[in-house]
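We did not get these values from a lab; they are worked out from the coordinates using the rules stated. As the structure is a computational prediction, the values presented were derived from the model and not from experiment. With ideal geometry, Cβ positions are generated from the backbone for all residues, glycine too; neighbour counts draw on all protein chains shown.
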Amino acid sequence: MSYIDKSLGDGETVIARAQFHWLYSLWAWCQLLIPAALTVTLLSWASPQANFLDTGNPLTWTIALLVLWLLLGTIAFLRMMVRKWTTEVGVTSHRFVEKYGALSMRTNEIALPNIEGVKLNQSLMGRIFGYGTLRIEGTGVDAVTTPEIADPVNFVRAIQTAREHVAKRFEQQRQTGAGPGA
């Protein structure tokens, strides 16, 4: 069960969840597969009789650099995918929630009435492929910047809709004389 689902209060529902864009995963896989493919190709092309232990052999240095690139690519792949697997971003009927972390957990939560503004940042590629980051600014709280998410415009719309529903609910409670806890 996700953190957002576990932390829901009474009467609180999930309005929207943000997802990492598919290009994020593609980039992570490219960092792993490109050096792996080049390493395998070079090793299969290299002559079985070649002396790989000869430090004067240029092929030895090429293979060593490709193996190093493969190791760095594996580390980059794991960092990106662990971030994707352990990050949750969502908006509920009461708050904006961001959770990240694998072994330790960190959360950023802003109550919907305390959100002062939402800023969307999309590069040219983000506009073309439909991804971007959001900066959610709250009263008395540092701003929260999301990772690059798919369809950020729709997520902004979900935040604005949830904020409007909360404002209407508070207005109705004010008019009827009932307090927020009633």
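This table checks each residue for (1) within 18 Å of the chain's Cα centre (by Cα); (2) over 29 Å from MET80 (Cβ atoms); (3) of a type outside the set (A, V, I, L, M).
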position	(1), (2), (3)
LEU112	no, yes, no
LYS119	yes, no, yes
TYR131	yes, no, yes
ILE136	yes, no, no
VAL144	yes, no, no
PHE155	yes, no, yes
ALA162	no, yes, no
LYS168	no, yes, yes
GLU171	no, yes, yes
Item to check | Only one of THR87, THR107, THR92 that is in contact (Cβ under 8 Å) with a residue 12 or more places away in the chain and within 18 Å of ALA28 (Cα to Cα) | outcome: THR87
